[in-house]
Amino acid sequence: MITLVSVRSMSPVRRALPEDAAEVLRLRQVMIDSVSSVGPSTDWHAESLPALRERLSEPDGDFAAFVVDHPERPGTLAALVVGTIEYRIGRAGNPRGVIGFVFSVATDPDARRRGYARAGMDALLDWFRSRGAVQVHLTASADAAPLYASLGFKPKPDPLMELLLSDA
């Protein structure tokens with residue numbers, strides 16, 4: 001298994017492992033709580049854990065999570081950056097149709113302002129490049145937008161619509 005470390009920042013970023021799954025879910029909840037107006041809920045964690053462990057055990061899959069271990073709390077994570085690769089029919093500017101999607105970027109409140117999210121994003125962007133992605137999409141909170149802009153992301157009008165197929 002290859003562990004990617006951002007060369008630019010020399011930060012201790014590593015690829016998440018199956019044994020990190022509970023901490024990955026904890027940091028995902030930190031991200032969800034920061035952008036959601038609905039109260040915190042961890043009821044879904046137990047059901048999500050097996051599938052997440054399986055995805056984290058597939059180093060050549062279309063899913064990648066990069067993490068930073070918390071320097072003051074052994075056994076916990078300080079930061080998380082997650083992304084997936086998807087195929088869309090090609091078009092001008094992306095004839096192979098490979099697109100990266102970033103989601104679940106989160107840093108523990110007591111570990112912020114240390115460059116962990118940026119280092120994680122650098123590692124994830126390197127992973128996207130290695131997988132042939134020429135486009136990367138994400139949804140940014142107002143707090144995170146300056147980080148993404150500094151990495152070269154630009155706002156885009158988004159006609160996104162959503163349909164929920166079940167109550168789950």
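The values are calculated or read from the model by the stated rules, or taken from the named source; none is laboratory data. What you are looking at is a predicted structure, and each value in this text was computed from that prediction instead of being measured. Note: ideal-geometry Cβ built from the backbone for every residue, glycine included; neighbour counts use all protein chains shown.
Miscellaneous remarks
- Segment 96-110 residues that are within 15 Å of Trp127 (Cβ to Cβ), paired with ones that are among the aromatic types (Phe, Trp, Tyr) and assigned to a strand (DSSP E or B) (beta carbon under 7 Å, 6 or more apart): Val98/Tyr87
- Residues in segment 103-148 that are of a type in the set (A, V, I, L, M) and within 16 Å of Glu86 (Cα to Cα) were compared, and the one that is surrounded by the most Cβ atoms within 10 Å (Cβ to Cβ) is Leu124.
Yes/no per residue for (1) farther than 20 Å from Arg28 by Cβ; (2) touching a Leu at 6+ places or on another chain (Cβ under 8 Å); (3) not hydrophobic (A, V, I, L, M, F, W, C):
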site: Gly97; (1), (2), (3): yes, no, yes
site: Phe101; (1), (2), (3): no, yes, no
site: Arg114; (1), (2), (3): no, no, yes
site: Asp126; (1), (2), (3): yes, yes, yes
site: Gly132; (1), (2), (3): yes, no, yes
site: Val136; (1), (2), (3): no, yes, no
site: Ser141; (1), (2), (3): no, no, yes
site: Pro155; (1), (2), (3): yes, no, yes
site: Pro159; (1), (2), (3): yes, no, yes
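- Subset tally (residues that are in contact with a Phe, Trp or Tyr (Cβ under 6 Å, 6 or more places away or on another chain) and either more than 27 Å from Arg14 (Cα to Cα) or not in a loop (DSSP other than H, G, I, E, B) (or both)) for segment 137-168: 1
- Output for segment 13-33, where each listed residue is under 17 Å from Pro50 (Cα atoms) and in a helix (DSSP H, G or I): Pro18, Glu19, Asp20, Ala21, Ala22, Glu23, Val24, Leu25, Arg26, Leu27, Arg28, Gln29
- Residues in segment 34-53 that are assigned to a helix (DSSP H, G or I) and within 19 Å of Ala145 (Cα to Cα): Ser34, Val35.
- Qualifying residue in segment 28-49 (condition: surrounded by 12 or more Cβ atoms within 10 Å (Cβ to Cβ), of a type in the set (Lys, Arg) and in contact (Cβ under 8 Å) with a residue 40 or more places away in the chain): yes
- Looking only at segment 115-136, and only at residues there that are aliphatic (A, V, I, L, M) and not in a helix (DSSP H, G or I), the one that is farthest from Pro12 (Cα to Cα): Val134
- Failed item, numbered, when Asp126 is tested on (1) at pLDDT 95 or above; (2) closer than 20 Å to Ile89 by Cα: (2)
- Candidates Arg73, Arg28, Arg88, filtered to the one that is among the charged types (D, E, K, R) and farther than 25 Å from Arg112 by Cβ: Arg88
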